Amino acid sequence: MHGARDAQVTDVDRLSRFEAFSKLPAPELRTLASALALSDFRRSQIILNENDLASGANILLRGIARVTCIGAHGARITVALLAPGPIPEFPSPLISRSTVDALITS
């Protein structure tokens with residue numbers, strides 16, 4: 001994706017490196033890779049909001065995502081750091097004043 005070095009690495013290659021997908025047969029990996037909608041994000045940009053975290057399937061191919069919420073005093077609080085791989089589904093809070101976002105941190 002970025003430069004000559006990445007030109008040889010395919011989405012199938014990247015997906016096969018994740019433990020969650022490592023045992024999938026090549027045809028299924030190709031199907032999954034073809035269904036991906038790729039997006040690039042800048043540092044500190046919100047990549048998923050609360051509604052997106054509770055639905056759909058998301059995979060972080062590289063970088064680190066910081067899961068944050070707005071605390072009682074209005075400050076953003078980090079609640080988790082996510083390494084590359086499938087982003088887990090987060091339950092939507094039933095009653096909450098806070099919002100949850102995933103931001104790219106590297």
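The values are calculated or read from the model by the stated rules, or taken from the named source; none is laboratory data. Here the structure is a predicted model, which is why all the values come from computation and not from measurement. Backbone-built Cβ (ideal geometry, glycine too); neighbour counts: all protein chains shown. The area values use the complete protein model at the heavy-atom level, side chains included, leaving out ligands, DNA and RNA. Shrake-Rupley method; radii C 1.70, N 1.55, O 1.52, S 1.80 Å.
Some observations on this one:
- Candidate set from segment 12-29 (those that are among the hydrophobic types (A, V, I, L, M, F, W, C) and surrounded by fewer than 11 Cβ atoms within 10 Å (Cβ to Cβ)); member that is modelled with the lowest pLDDT: 20
- Remark: pairs (first residue in segment 57-69, surrounded by fewer than 16 Cβ atoms within 10 Å (Cβ to Cβ) and of a type in the set (Lys, Arg); second residue part of a strand (DSSP E or B) and modelled with pLDDT of 85 or more; Cβ separation under 6 Å; 6+ apart in sequence or on different chains) are absent.
- Screening 32, 48 for residues that are surrounded by 16 or more Cβ atoms within 10 Å (Cβ to Cβ), modelled with pLDDT of 70 or more and under 19 Å from residue 11 (Cα atoms) leaves exactly one candidate, 32.
- Qualifying residue in segment 3-11 (condition: open to solvent by 80 Å² or more (accessible area, probe 1.4 Å), modelled with pLDDT of 80 or more and among the aliphatic types (A, V, I, L, M)): no
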